[in-house]
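One structure below.
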Amino acid sequence: MKSNVNYLVAAVFVALIFFTIIYVTAILPATTFTPNKSDVAWEYSSSEKRGRDVYRREGCFYCHTQFVRYQDREMGEMVKAGDYVFETPHLLGTERTGPDLSNIGGKYPDAWHWAHHTNPRAVKPGSIMPSFSYLSNQDMTDLVAYLQTIGQKRVQPRWIVAPQEFRDKFHGVAEKTDVNASSFANAGRGIYMQNCAQCHGVTGKGNGSVSMTMQKKPANFTRPFYAGYDDATWYWRISEGVPGTRMPRWAKTLSDEDMAYLVAFLKTLPKPPSAKAGDISVTDYAALDQPEEMNQNFWEIEAQKHGSGESDPFTAYSEETKGAHE
Ligand code: HEC
Ligand code: HEC
């Protein structure tokens, strides 16, 4: 009889310890720890929210984590508690069969994600990520919209843009010049041939004669990517050059007016995307090794989005901006 009481005391003691641990490690923090939302915390739009549900439903978090700790070097910027205030249920994950996705937003264009989800091997040879080609267009669109939000505010803007200082400066320049006028573009062509063509090439393809000797090749302005540059960004890049390359800081040599002529000329060079072989560029990922139909869907959805005036680098391909380039 006496030994039974002993067992009872032991059992109560063990239960007490168990619940104390649960209380201290789970219940107490859950009720008392309410961090303020950080700058990175993202309030999802309805499409992004649906995309998040697709991410959960498809089990992306089985293989991908969404946290970067002190010891996770080279995974990008560390996360803070306040980043997660809209993250219920959380999608932190535990396994890193695939890379951490905390900073995936803005790393790739939408078209890359479409190609990668449809057939990971098409863009990452040797990838063991499964294909999600069975997702509907709606699911795919929303999922990509969601991915593009993750860490978006933590990392740099999605596409490089001119700092405010240069925007203000360009604003002053643009008041005196019309960078959309073809007469300005023609004048810019002249300045370009004298100062830039030896590196960037007569047609702007980055293959000027001097480029042969250069390790970091001059930019190819005919890439569709450059259609995403706005006027101030062109102006800023010409004015300040590209540190670490042989691209000079033209503000030291040319006048503001000359640089405005150059902006007018350069913005006529980017080509709309094409699926020709040998002409693959950032925006042509959708053309890689996937059903033709999928491609078509991607560009149709892009076109619809931009019909509604949403701002994105791909806007450059809408009819409206194409007109402005001519
Ligand atoms: C079986 C494990 C697995 C699952 C499930 C999985 N992935 Fe992956 N994922 C990987 C691996 C491995 C890589 C690295 C190779 C590559 O990029 O394809 C990867 C890479 C990625 C990348 C590129 C990361 C980078 O920084 O380059 C993205 C984005 C991604 N996955 C998204 C998803 C999404 C969205 C889902 C759910 C629809 C998903 N993954 C499901 C294993 C997985
Ligand atoms: C000595 C060779 C050289 C000359 C001359 C030169 N560039 Fe460049 N340019 C480069 C290199 C190299 C880059 C860097 C490409 C990169 O970062 O990938 C570059 C980059 C640029 C960029 C930025 C592209 C980007 O990706 O943002 C612009 C804009 C540009 N050049 C315009 C001009 C203009 C306009 C002129 C003439 C006034 C000119 N360049 C003359 C070599 C040159």
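Each value in this text was obtained by applying a stated rule to the coordinates, not by laboratory testing. Nothing here was measured: the structure is a model prediction, and the numbers come from that model. Note: ideal-geometry Cβ built from the backbone for every residue, glycine included; neighbour counts use all protein chains shown.
When a footprinting reagent is the concern and you count Cβ atoms within 10 Å, what order do Tyr134, Tyr226 take, fewest first? Don't skip to the answer; put the middle values down first.
Values: Tyr134 8, Tyr226 23.
With the fewest neighbours first, Tyr134, Tyr226 line up as Tyr134, Tyr226.
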**OP:** Please arrange Val263, Val210, Val54, Val12 by counting, for each residue, the other beta carbons lying within 10 Å of its beta carbon, fewest first.
**Re:** Val12, Val210, Val54, Val263
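Regarding the range 12-67, what whole-number volume in Å³ per residue does the convex hull of its Cα atoms give?
Working: hull volume 8.4 nm³, N = 56.
In the range 12-67, the Cα hull volume divided by residue count equals 150 Å³.
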Original post:
Which far-off residues, 5 or more places away or on another chain, put their amide H under 5 Å from the one on Gln152, with H placed in the peptide plane?
Top reply: Gly105
Subject >> Cα centroid of the range 1-61 to Cα centroid of the range 113-150, whole Å >> reply: 31 Å
Subject >> Dipole of the range 164-266, positive direction: furthest Cα of Ala185, Tyr229, Gly241, with charges on the beta-carbon >> reply: Gly241
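Which of rounded, prolate or oblate describes the range 46-149 when judged by the alpha-carbon gyration tensor and an a/c cut-off of 1.5?
Taking the square roots of the gyration eigenvalues as a ≥ b ≥ c, the range 46-149 is oblate.
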Original post:
If we count every other residue with Cβ under 12 angstrom of Gly172's Cβ, Lys/Arg +1 and Asp/Glu -1, where does the sum land?
Top reply: -2
Original post:
Sorting His171, His113 on the 10 Å Cβ count, fewest up front, what's the list?
Top reply: His171, His113
**OP:** Quick one: what are the phi-derived ³J(HN,Hα) couplings along the range 230-238, Karplus 6.51/-1.76/1.60 with θ = phi - 60°, whole Hz, x for glycine and proline?
**Re:** 8, 4, 5, 5, 4, 4, 4, 5, 5
Original post:
At what distance in angstrom do the alpha carbon centres of the range 80-98 and the range 197-261 lie from each other?
Top reply: 41 Å
Original post:
If you average the sequence gap of Cα pairs under 8 Å that are 6 or more apart and divide by the length of the range 46-149, what percent do you get for the contact order?
Top reply: 38 percent
